[in-house]
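The values are calculated or read from the model by the stated rules, or taken from the named source; none is laboratory data. Quantities reported herein were computed from a predicted structural model and do not represent experimental measurements. Cβ: placed from backbone, ideal geometry, glycine included. Neighbour counts: every protein chain shown.
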Amino acid sequence: MQSPGESRDDAPLPGHDTQARQQDARDAKPEGLQSLSEIYDDARVKLEGRLTQYRLLHSLSVADIADLMANVYEVDPEYARLAGLLHDWDKNYSDDELVARAELFNIELPDDTRNMAALLHAQTGACAVAREYPRLPPEILQAISRHTSAAPDMSELDMILYVADMIEPLRSAPSLQLLRSLAGNVPLEELFIKCFQSTLEHLIRRHRYIHPGSLAVWNTYAAKERARNRKG
Ligand SMILES: [Fe+2]
Ligand SMILES: [Fe+2]
């Protein structure tokens, strides 16, 4: 798989060939990127060199849905749109490259990394865009870093990105119809839990590995739901 271009990382990456370095030079960060809309426009162009056509369209679709959801759930829509655009910044790297990038960014690798290397694109992507765009708010970086495995203390922006990534219209799984119908009609946390549950069910049905951290996230929200039901 061709590695996406990268402009500000400090060390060469596996598979980072001459062509990629030339792309790096073209991607060199222009001076004066101040506003989030300037960052959006710059990133939109750079992503054409980093992602496949389908993944670029997916990212734009996630940005649109995250913006819509943010307006409904009263979260900053500009943050949501930008998080949506940037969330798969590192998605085109291979598993080996992602492990190398995680080491480059000093991301702590769990013992079971080999079972879930693909998920690392969330954390490495957050680190990479933080270098690329130093003015990005930490809330956006956190949402990007949590969009694969989630976390026990998801912010509203984190939840919007997680859900938007799952229900954006280019995804075709039949099970998404119900989740889409819930968007805007149930509280955001309930929608997130339903999406997270759907992810876990999908993994179990396909006999796929589930990261222990994901089970911890599930247990946290299941306990919260139980407590709410007891009170109600
Ligand atoms: Fe992703
Ligand atoms: Fe995605």
Margin query: Whether any residue in region 169-191 is out of contact with any Gly (no Cβ under 7 Å at 6 or more places or on another chain), away from ligand 1 (no atom under 16 Å from the Cβ), closer than 28 Å to LEU109 by Cα and part of a helix (DSSP H, G or I) is what I want to check.
Written below: no
Next item on the list: Would you please name the residue that is surrounded by the fewest Cβ atoms within 10 Å (Cβ to Cβ), looking only at residues in region 148-168 that are more than 14 Å from ligand 2 (Cβ to nearest atom) and part of a loop (DSSP other than H, G, I, E, B)?
Entry: ASP153
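Per-residue answers, yes or no, for (1) closer than 18 Å to ILE160 by Cα; (2) surrounded by fewer than 24 Cβ atoms within 10 Å (Cβ to Cβ); (3) away from ligand 1 (no atom under 16 Å from the Cβ):
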{"position": "LEU86", "(1), (2), (3)": "yes, no, no"}
{"position": "TYR93", "(1), (2), (3)": "no, no, no"}
{"position": "ARG101", "(1), (2), (3)": "no, no, no"}
{"position": "ARG114", "(1), (2), (3)": "no, yes, yes"}
{"position": "ALA126", "(1), (2), (3)": "yes, no, no"}
{"position": "ARG131", "(1), (2), (3)": "no, yes, yes"}
{"position": "PRO134", "(1), (2), (3)": "no, yes, yes"}
Notebook entry, point to check: So which residues in region 101-119 are at pLDDT 95 or above and touching a Phe, Trp or Tyr at 6+ places or on another chain (Cβ under 9 Å)?
Noted result: ARG101
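Would you say TYR209 is more than 16 Å from the chain's Cα centre (by Cα) and of a type in the set (Ser, Thr, Tyr)? Talk me through it step by step, then tell me what you get.
Values: more than 16 Å from the chain's Cα centre (by Cα): yes; of a type in the set (Ser, Thr, Tyr): yes.
Yes.
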Notebook entry, point to check: Of all residues in region 42-67, which are free of Cβ contacts under 8 Å to residues at least 12 places away in the same chain and more than 12 Å from ligand 2 (Cβ to nearest atom)?
Noted result: VAL45, GLU48, GLN53
Check: Looking only at region 102-133, which residues are away from ligand 2 (no atom under 12 Å from the Cβ) and under 15 Å from ARG50 (Cα atoms)?
Finding: THR124, ALA126, ALA128, VAL129, GLU132
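Return yes or no: is ALA80 away from ligand 1 (no atom under 16 Å from the Cβ) and buried (at least 22 other Cβ atoms within 10 Å of the Cβ)?
Numbers: away from ligand 1 (no atom under 16 Å from the Cβ): no; buried (at least 22 other Cβ atoms within 10 Å of the Cβ): yes.
The answer is no for ALA80.
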